[in-house]
1. What whole-number distance in Å separates the alpha-carbon centres of region 167-181 and region 26-83?
2. Which shape class applies to region 147-266: rounded if a/c is under 1.5, otherwise prolate when a/b exceeds b/c and oblate if not, where a ≥ b ≥ c are the square roots of the Cα gyration tensor eigenvalues?
3. Okay, helix-only estimate at 222 nm for the chain: each DSSP H run of n ≥ 4 adds -39500 (n - 2.57), divide by all residues, round to 500 deg cm²/dmol; what do you get?
4. Could you list K179, K264 in order of exposure, starting from the residue whose Cβ has the fewest other Cβ atoms within 10 Å?
5. Within a 10 angstrom radius of the beta carbon, how do D110, D52, D201 rank from fewest other beta carbons to most?
6. Translational diffusion coefficient of region 5-139 at 4 °C, 1.567 mPa s, Stokes-Einstein with Kirkwood Rh over Cα pairs, in µm²/s as a whole number.
7. Of K172/K211; K179/K264; K208/K262; K31/K76; K238/K262; K125/K172, which pairs sit farther than 26 Å apart, going by alpha carbon to alpha carbon?
8. Give me E246, E124 ranked fewest to most by other Cβ atoms within 10 Å of their Cβ, as a rough exposure proxy.
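Read-outs: derived from the displayed coordinates by stated rules, not from any lab. Remember, predicted model here, so these are calculated numbers, not experimental data. Methodologically, a virtual Cβ is constructed for each residue, glycine included, from the backbone with ideal geometry; neighbour enumeration extends over all protein chains shown.
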Amino acid sequence: MNNILTSIIVDDEALAREGLLLRLQHNDKIKVLGSFASATEAKLSFDELQPDLIFLDIEMPGISGLQFAQWLKQNKYSTRIVFVTAFKEFALDAFDFEAFDYLLKPYADDRLESCINKLHAENEKQRLAQQQQELNSMLINKTGDSLNTFMANLQHAEPGKLNEVKNHVSFKSGTEWIKLQLASIYWIEAAGDYMCVHTQDGTHIIRKTMKELQEQLCNDIFKRVSRSAIINTELMKKLTPNSNGEYIAQLRSGDNVKVSRKYKNDLLPE
């Protein structure tokens with residue numbers, strides 16, 4: 001997704017198409033990929049062009065603009081629609097198709113400019129959201145932390161010690177933030193709406209879900225062993241099988257944690 005919007009024009013009136021094309025050619029926020037006299041023509045080239053935006057007339061012979069919009073919706077295209085028509089009575093029908101805007105002919109240059117500016121702002125918003133999602137996925141894969149968790153850890157890291165962020169995790173316990181070394185955490189267990197974090201310094205009670213904790217911890221070290229427990233595999237002394245197919249993980253703390261059959265393969269050597 002880039003900063004320039006790609007678009008096509010679909011209108012059965014040649015003068016309307018040429019006039020809009022001329023206006024758009026002078027706008028550096030939009031690039032016109034094609035101009036079509038009917039929805040039938042536009043459909044033939046749509047998969048190839050994949051425009052961000054379509055300026056679509058409503059009243060056209062053959063396939064109407066509303067019918068074309070229905071086809072786009074049925075085929076789950078993400079293309080935004082700006083309806084362009086001389087008939088204001090179609091406005092309600094147009095917005096049933098979640099049209100981004102509705103230009104009533106004849107429209108002034110500043111009205112078109114306003115529409116394009118809003119489209120560009122929405123495009124930029126989606127671009128930034130996509131970048132954040134990609135960054136979040138990258139951080140989880142590389143560090144085990146989500147973007148929000150990484151920022152929280154970064155916020156509570158001491159100045160000049162940012163290299164320690166990856167070795168620590170921050171939890172909110174009540175009204176206080178607790179910063180713990182990952183290596184100090186033996187295991188974590190669910191207790192109702194809370195989680196008990198068992199460490200070398202004692203047990204801390206926090207309010208998080210198991211899923212949120214998994215995102216916050218290093219996935220290479222901390223492994224889920226049951227619906228209600230996560231262990232630090234680097235602090236595990238041995239893994240002993242039970243007769244029912246489950247295992248018991250004995251930790252250096254002396255705790256014995258049940259490992260269910262669903263999760264045991266993550267701990268067993270290959």
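1. Each part's Cα centre sits 52 Å from the other's.
2. Taking the square roots of the gyration eigenvalues as a ≥ b ≥ c, region 147-266 is prolate.
3. After summing the helix terms and dividing by residue count, I get -10500 deg cm²/dmol.
4. K179, K264
5. D110, D201, D52
6. 84 µm²/s
7. K179/K264; K125/K172
8. With the sparsest Cβ surroundings first, the list reads E124, E246.
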